1. Failed condition for Gly25, given (1) touching a helix residue (DSSP H, G or I) at 6+ places or on another chain (Cβ under 9 Å); (2) open to solvent by less than 10 Å² (accessible area, probe 1.4 Å), with all others met?
2. If I ask for residues that are assigned to a loop (DSSP other than H, G, I, E, B) and more than 23 Å from Ile61 (Cβ to Cβ), which ones from the range 131-182 would you list?
3. Taking the options Ala71, Ala44, name whichever one is touching a Lys or Arg at 6+ places or on another chain (Cβ under 8 Å), small (Gly, Ala, Ser) and open to solvent by 30 Å² or more (accessible area, probe 1.4 Å).
4. Checking the condition surrounded by 12 or more Cβ atoms within 10 Å (Cβ to Cβ) and modelled with pLDDT of 95 or more, which residue from Phe159, Phe144, Phe173 passes?
5. For the range 5-53, what are the residues that are closer than 21 Å to Phe173 by Cα and free of Cβ contacts under 8 Å to residues at least 40 places away in the same chain?
6. For Asn128, are the conditions met, namely being under 16 Å from Ala17 (Cβ atoms), open to solvent by 50 Å² or more (accessible area, probe 1.4 Å) and assigned to a helix (DSSP H, G or I)?
7. Would you check which residues across the range 51-62 are open to solvent by 20 Å² or more (accessible area, probe 1.4 Å) and over 14 Å from Leu155 (Cβ atoms) and list them?
8. What residue, of Thr83, Thr90, Thr135, Thr110, is open to solvent by 50 Å² or more (accessible area, probe 1.4 Å) and not small (Gly, Ala, Ser)?
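The values are calculated or read from the model by the stated rules, or taken from the named source; none is laboratory data. If you're wondering where the values come from, they're calculated on a predicted model, not measured in any experiment. Counting neighbours? That spans all protein chains shown, and the Cβs are built from the backbone with ideal geometry, glycine included. For accessibility, only protein heavy atoms count, side chains too; no ligands or nucleic acids. Shrake-Rupley method; radii C 1.70, N 1.55, O 1.52, S 1.80 Å.
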Amino acid sequence: MVIWNGKHLIGTSPKCARRSIVAWGEQNGFVQLGDADVKKIEEATAIYLVRNPNGRLPKQIQTVTKRYASAQGKDPMAQWSDTEELLRETLEDDPKDWYNIDPVHLQKQTAASERYKKIDWQFVSLDNFSTWATTNDYESFELFAENADPALIALINFFIEECGVEDLYKEDFELYETISNK
């Protein structure tokens, strides 16, 4: 997702507080852009928000589980065992296929930024976005509460630890650590 106000371009990946960022953007004169519009931008101060992967990764998997549950007419908790089986089989057969399970919701954080070759993104931690906003004369940013199912997230966290899924997102963890320590 990319928002723009003629001066600042702000990008994020899926599962990076989309509702909160869109609402903040509307309050501060930003509009959401499609791919074709982003590619037309010649010059901008561009930031790309990066979320802590420790919180983002379980929510990514929760989204995939909820999508599958909806397609099957099931509750997400009832769907988890089938989703977990698919995820485990994919990791065992060919970990590179992991991202193909759901190319939108399981992508790495920077995947969306890489689509726009002409844009020089400055990566900013979502945790530091409110500071960036007020420093640049915008309203402060507030993260909305999320629709996380604690029981499902607990199962997903156990799965992530047990299967070493973090290794697939090593770049996300490294980037987040680098920008969080600035």
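1. (1)
2. Asn136, Asp137, Tyr138, Glu139, Ser140, Phe141, Glu142, Asn181, Lys182
3. Ala44
4. The unique qualifying residue is Phe159.
5. Hits for the range 5-53 are Ile10, Arg18.
6. yes
7. Result: Arg51, Asn52, Asn54, Gly55.
8. Result: Thr135 is the single residue among Thr83, Thr90, Thr135, Thr110 that is open to solvent by 50 Å² or more (accessible area, probe 1.4 Å) and not small (Gly, Ala, Ser).
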